[in-house]
Ligand code: ADP
Ligand code: MG
Ligand code: ZN
């Protein structure tokens, strides 16, 4: 994609005026002196001898002074006239001289050229450099000094063959279909007008970070053969009050001139936050938002200006933005499902050299819950790993390992656990895996490792679901909590002491249990009532409690009950399978990593003791 800037010329006018002024002064004082032809003072004798040598050109006699040139009329000489030399005129004539005026002033063209055009060149050069700097500064969003004159700072993209296309965005079929309609409308508005269909003025891309919202918008630009204005929400909010609103105005003015075209506002939540009327409210932001609302009402949708925006905090957007006639179409860009992950891996794998037997499905399964950005990162990590090990191409193992790198960080080579610590970690992780394996409705264990990672994890157990999972039953959730508690339970069972190693497990288990009680209506006491609402579903999912303090206390009791119950269940499972626990943990302690297959083999070495139902 090529970027075409909309430069603002205003601030430079002053610069050129000053340049002109400087030139004027120079032309009145300094230039005439250097421009005048240099006149050499010579004696009268020299004049006479030059005449006799026939080396004489123009001669001008004026009062006391004689000005003359040599034959070639290159040099100008001057001497004092002598009254007694009466034959002067005749002599000059005889030796080929010409009596005439000698003009020592430069010609008009020369003087304009030398006096104005040449000196102007350096000024123009400096002006050009200034303008380039100004554009750069405005593009970077920090060019306060030069950026004040105007211009929205919006980058305008012209379609080019190197741009991102829909084919570069894997998965997200629904989003592509909805956006495809917009592209189609911009190609052929008449088709829609004939039927009387009115396309939405604006479409809002919402979804978690890294799912390809920005990428999709760029792909629309690549597909649509129309100008594409792109600006980030943060660029509207600047140091000076009122600038944001002015930028919005400018942006839409430009867009209207260039219609049909697309305006893309990335991270629109920066300016589109709810106007909550709090004292500490941001005046500037509100002005900008109001201007945006006005502009979106103002422009004529049938002209072909489509406004796209992206955000990962749709719930914080001002409702006025979302009403019909503004961003009335909402395009969800969700985390990819299994097939989506496979496709995304394939798109990015095209950029690196891979072994032929790579199984994308297996990699995609391990990377459950990964966003497009993380998958892109996984592929790149695999390539880096291949380079590090001096291979020509990345292998399946590289990919698998980089999934773990992205999930848990790099393997830590330097952290040395004491023998006892290593033993505890081995039992802890085996506890998780064993509890998971002994319950029905639990994803199979794929890998257990006790190699410390840079994220701080001393070990982890990887469980991989077959296929996609959209609903979770109460039973599955309970089993999951039991699996979380399995680590701590194993520590207690074997060492009769507990460590800090379970803090993350405790957090996860509690979160799940709390969600079961307050949001999923899965407790007997409360049933079908919600006490918590999700506020920020795409960014970690904060929750806000909405119940009386008394209820809150009871909720806490239920949560504690739930988790404790599952802890006891996990303990029971481990006690019943203590021989397996020892065997697996010893093996893990020695080998540091167990694959899913090895795990199953070890598990089934003696008579299976049957699965335990909750
Ligand atoms: P966001 O939704 O936060 O705007 P981006 O569009 O910036 O995410 O995506 C970041 C990167 O992740 C992209 O540049 C691309 O490499 C990768 N990516 C995300 N989603 C996809 C996808 N569906 N297909 C291919 N690559 C993707
Ligand atoms: Mg983005
Ligand atoms: Zn654990």
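For the structure I just gave you, tell me whether residue 428 is farther than 14 Å from residue 589 by Cα, in the same structural domain as residue 491 (by TED's automatic domain parsing), crowded, with 19+ Cβ neighbours inside 10 Å and within 15 Å of ligand 3 (Cβ to nearest atom). Walk me through it before giving the result.
On the way: farther than 14 Å from residue 589 by Cα: no; in the same structural domain as residue 491 (by TED's automatic domain parsing): yes; crowded, with 19+ Cβ neighbours inside 10 Å: yes; within 15 Å of ligand 3 (Cβ to nearest atom): yes.
No, not satisfied.
Test of understanding: among 237, 169, 226, which residue is under 20 Å from the mean Cα position of the chain (by Cα), surrounded by 14 or more Cβ atoms within 10 Å (Cβ to Cβ) and modelled with pLDDT under 80? I'd like the intermediate steps shown before the answer.
On the way: 169 fails: modelled with pLDDT under 80; 226 fails: under 20 Å from the mean Cα position of the chain (by Cα).
Exactly one of 237, 169, 226 is under 20 Å from the mean Cα position of the chain (by Cα), surrounded by 14 or more Cβ atoms within 10 Å (Cβ to Cβ) and modelled with pLDDT under 80, namely 237.
The rows are residues; the columns are (1) out of contact with any helix residue (DSSP H, G or I) (no Cβ under 9 Å at 6 or more places or on another chain); (2) over 30 Å from residue 314 (Cβ atoms).
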{"position": "503", "(1), (2)": "yes, yes"}
{"position": "509", "(1), (2)": "no, no"}
{"position": "519", "(1), (2)": "yes, no"}
{"position": "528", "(1), (2)": "yes, no"}
{"position": "531", "(1), (2)": "no, no"}
{"position": "563", "(1), (2)": "no, yes"}
{"position": "591", "(1), (2)": "no, yes"}
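Given (1) more than 16 Å from ligand 3 (Cβ to nearest atom); (2) more than 40 Å from the chain's Cα centre (by Cα); (3) closer than 24 Å to residue 365 by Cβ, identify the lone condition not met by residue 466.
Condition not satisfied by residue 466: (2).
Any idea which of 482, 457, 433, 513 is in contact (Cβ under 8 Å) with a residue 40 or more places away in the chain, assigned to a helix (DSSP H, G or I) and within 12 Å of ligand 3 (Cβ to nearest atom)?
On the way: 482 fails: within 12 Å of ligand 3 (Cβ to nearest atom); 457 fails: assigned to a helix (DSSP H, G or I); 513 fails: within 12 Å of ligand 3 (Cβ to nearest atom).
On inspection, the qualifying residue turns out to be 433.
Kindly establish whether residue 485 is surrounded by 18 or more Cβ atoms within 10 Å (Cβ to Cβ), away from ligand 2 (no atom under 16 Å from the Cβ), at pLDDT below 90 and under 17 Å from residue 437 (Cβ atoms). Break it down into steps so the answer makes sense when it comes.
Working: surrounded by 18 or more Cβ atoms within 10 Å (Cβ to Cβ): yes; away from ligand 2 (no atom under 16 Å from the Cβ): yes; at pLDDT below 90: no; under 17 Å from residue 437 (Cβ atoms): yes.
Against the criterion (surrounded by 18 or more Cβ atoms within 10 Å (Cβ to Cβ), away from ligand 2 (no atom under 16 Å from the Cβ), at pLDDT below 90 and under 17 Å from residue 437 (Cβ atoms)), residue 485 does not qualify.
In the stretch 291-303, which residues are modelled with pLDDT under 85 and surrounded by fewer than 20 Cβ atoms within 10 Å (Cβ to Cβ)?
297, 298, 299, 300, 301, 302, 303
Would you pick out the residues in the stretch 347-380 that are within 22 Å of the chain's Cα centre (by Cα) and in a helix (DSSP H, G or I)?
347, 348, 349, 372, 373, 374, 375, 376, 377, 378, 379, 380
Listed residues 345, 384, 338, 375; which is within 20 Å of residue 312 (Cα to Cα) and within 16 Å of ligand 1 (Cβ to nearest atom)? Lay out the reasoning, then the answer.
Numbers: 345 fails: within 20 Å of residue 312 (Cα to Cα); 384 fails: within 20 Å of residue 312 (Cα to Cα); 338 fails: within 20 Å of residue 312 (Cα to Cα).
Exactly one residue qualifies, and that residue is 375.
Can you tell me which of 212, 207, 180, 202 is surrounded by 18 or more Cβ atoms within 10 Å (Cβ to Cβ), within 30 Å of residue 371 (Cα to Cα) and away from ligand 2 (no atom under 16 Å from the Cβ)?
Working: 212 fails: away from ligand 2 (no atom under 16 Å from the Cβ); 207 fails: away from ligand 2 (no atom under 16 Å from the Cβ); 180 fails: surrounded by 18 or more Cβ atoms within 10 Å (Cβ to Cβ).
Being surrounded by 18 or more Cβ atoms within 10 Å (Cβ to Cβ), within 30 Å of residue 371 (Cα to Cα) and away from ligand 2 (no atom under 16 Å from the Cβ) holds for just one of 212, 207, 180, 202, which is 202.
Any residue that is closer than 22 Å to residue 484 by Cβ and within 16 Å of ligand 3 (Cβ to nearest atom) - is there at least one of those in the stretch 382-403?
No, the conditions are met nowhere in the stretch 382-403.
The values are calculated or read from the model by the stated rules, or taken from the named source; none is laboratory data. Small disclaimer: the values here were computed from a predicted structure and weren't measured. Note: ideal-geometry Cβ built from the backbone for every residue, glycine included; neighbour counts use all protein chains shown.
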